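Heads up, the thing below is written out as C-alpha cells.
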Amino acid sequence: MGKNIKDLDVRLQIAFTNAAEDFKKHYPNDPQPILTCTHRSNEEQNDLYAQGRTKPGKIVTNAKAGQSPHNFLPARAFDIAFVKPGNLLDWNPELFKKFATLLANKRNDVRWGGTFTSFKDYPHFELKDWK
Ligand SMILES: [Zn+2]
C-alpha cells in the first residue's frame, strides 16, 4: 500500500499539506497527521475486500478492485493516522474531526469519510468528484 504523497491528485497533495501545517500550528502538542495510504493497487483492494468475508478480520471496505478512489493513479483519496511520541499511531476520532475541520476551512472539493452515512471511515479523505 503506497504512502507517497506524489501518488495523489495534486489537489489532494495541497489539501493534505495545508491541513497538516494548520494542524501543527493549532495543535502543536497533539499527535501529528501522517499519510498511511495514497494509492492502492487492485490486488491490494481485493485483499482488503476479502477481509471479514473470505479472510479473517473485520470488514473494512465495501469496495472491490476499481471501486475505490484509492485505486486510481494519481489516487483520488488518502488515509491518515496520527503519530504520538515513540512513533505510535493514534486513531482517536477527535483528532480526525480536528483535521477535517481545518481541511474544510480551506477546501470544498474534498469529502471526509467521517461524514459517510453507511460506513464511517474517519481516516479517509477523497475528492468529491472522484467518480
Ligand atoms: Zn481511504
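Take THR61 and tell me if it is open to solvent by less than 40 Å² (accessible area, probe 1.4 Å), modelled with pLDDT under 95, within 12 Å of the ligand (Cβ to nearest atom) and among the β-branched types (Val, Ile, Thr).
yes
Tally time: how many residues in the range 1-25 are touching a helix residue (DSSP H, G or I) at 6+ places or on another chain (Cβ under 7 Å) and away from the ligand (no atom under 12 Å from the Cβ)?
Residues that pass the stated criteria total 8.
Which one of HIS39, HIS70 is in a loop (DSSP other than H, G, I, E, B), buried (at least 18 other Cβ atoms within 10 Å of the Cβ) and of a type outside the set (Ser, Thr, Tyr)?
None of the other options fit; the residue is HIS39.
Restricted to the range 80-90, and to residues that are under 14 Å from the mean Cα position of the chain (by Cα) and either open to solvent by less than 20 Å² (accessible area, probe 1.4 Å) or modelled with pLDDT under 95 (or both), which residue is nearest to the ligand (Cβ to nearest atom)?
ILE80
Return a yes/no flag: does the range 110-120 have any residue that is β-branched (Val, Ile, Thr), open to solvent by 80 Å² or more (accessible area, probe 1.4 Å) and outside any strand (DSSP E or B).
yes
The values are calculated or read from the model by the stated rules, or taken from the named source; none is laboratory data. Just so it is clear, the structure is predicted and the values come from calculations on it, not from any experiment. Quick reminder, even Gly has a Cβ in these numbers, built from the backbone with ideal geometry, and neighbours come from all protein chains shown. Please note that ligands, DNA and RNA were not included when accessible areas were found on the heavy atoms of the full protein model with its side chains. Shrake-Rupley method; radii C 1.70, N 1.55, O 1.52, S 1.80 Å.
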